[in-house]
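To start, the structure itself, in structure tokens.
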Amino acid sequence: MTRYLLRALGSGLFIIWGAVTLVFIIVRMVPGDQATILLGPDATTEEVEALREELGLNAPLPVQYGLYLLKVLQLDFGDSYRFGQPALELVMSRLPATIELTLAATAIALLGLVLGALAGSRPGSLRDRGISGLALTLQAMPTFWVGIMLILLFSLELQLLPSSGTGSWAHLVLPAVTLAAPFIALLTRITRSSVVETMSEGYVQTARSKGLSERRVLTGHVMRNSSIPIVTIFGLQVGALLGGAVIVENVFAWPGLGTLLVSAVSNRDYAIVQAGTLVAATIVVVLNLTVDLLYAQLDPRIRLVRS
């Protein structure tokens, strides 16, 4: 297991390196001179050259990349030219709001496990067809459209929930439901397929022949043995929720990392973009490693192979 953890850690560091390298390349490929963009069209040639020298843009590209990696290792991304604060500090100050939204959406998305189990336990029934149809509908609707419809209904028409901002649990409801909607649909479909497949296994028939109730068969035998693909999708989607939060946060003006990154891209505040990329990549790597460790708890055969 120790060797496996070391390999997983090495893979994670490689992924993080790839993410920060990709951002470095994209920033250098953006049309226009970065120094001119930062200073504006009224800047003099001397001012532009001085800023290019300060940013290291006059150095050869390999040298720029080496200096960039050195600063990444030191967690030094420079200051945001728009806010005048260290970029990483700004990113970390916005991260709790995004984590709050993501955790709330994840909790709501657990409904998909229940719906999938209910549908898969009676394949072909009216309940199965209804739940499957609902899941397909949710997955087909764009996230931003769901958010706008929820605002129109619950904020403008019924005036039950605020449409933007933060400050109370009421502000969290609409963005969390919007972010969770496609996740619920995916979990429902994956859980249903896994449950249907597991229900036909011999050990399930044996459990039934012992006189166990359907509820005990479903919770004690079917769900645990169906959990590997569910945990896989769950772990990947929790990471994907961070990407979805970019859209949802801007629809609901949620003051998280997503709104900060969109603003940084619009204003070409690349220090924030680079810091945000590192933080997001690290979170995804940690989530994937956590999912791998859960495999060993759910399936002893995986633990034996990895040890």
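The values are calculated or read from the model by the stated rules, or taken from the named source; none is laboratory data. All figures in this text were calculated on a predicted structure; none of them were measured in a lab. Cβ coordinates were reconstructed from backbone atoms using ideal geometry, including for glycine residues, and neighbour counts include every protein chain displayed. Each accessible area value is taken on the protein alone, full model and side chains, heavy atoms only, with ligands, DNA and RNA left out. Shrake-Rupley method; radii C 1.70, N 1.55, O 1.52, S 1.80 Å.
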(request) Go through the residues of the range 3-14 one by one and say whether even a single one is assigned to a helix (DSSP H, G or I), farther than 28 Å from L241 by Cα and modelled with pLDDT under 85. (result) yes
(request) Collect the residues in the range 113-136 that are touching a residue at least 12 places away in the same chain (Cβ under 8 Å) and open to solvent by 50 Å² or more (accessible area, probe 1.4 Å), keeping them in residue-number order. (result) L118, P123, L134, L136
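Evaluate the range 107-129: report whether one residue or more is among the charged types (D, E, K, R) and over 26 Å from I190 (Cα atoms).
No, because not a single residue in the range 107-129 is among the charged types (D, E, K, R) and over 26 Å from I190 (Cα atoms).
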(request) Find the residue count for the range 48-90, including only residues that are under 16 Å from V27 (Cβ atoms), β-branched (V, I, T) and surrounded by 13 or more Cβ atoms within 10 Å (Cβ to Cβ). (result) 1
(message) Whether any residue in the range 283-303 is at pLDDT below 85, closer than 17 Å to L88 by Cβ and not in a helix (DSSP H, G or I) is what I want to check.
(response) no
(request) Identify the single condition in (1) surrounded by 18 or more Cβ atoms within 10 Å (Cβ to Cβ); (2) polar (S, T, N, Q); (3) modelled with pLDDT under 70 that S163 does not satisfy, given that it satisfies every other one. (result) (3)
(request) Can you confirm whether the range 241-263 contains a residue that is closer than 30 Å to S121 by Cβ, in a helix (DSSP H, G or I), open to solvent by 30 Å² or more (accessible area, probe 1.4 Å) and at pLDDT 70 or above? (result) no
(request) Check V173, V177 and return the single one that is modelled with pLDDT of 85 or more and either in contact with a strand residue (DSSP E or B) (Cβ under 6 Å, 6 or more places away or on another chain) or crowded, with 19+ Cβ neighbours inside 10 Å (or both). (result) V177
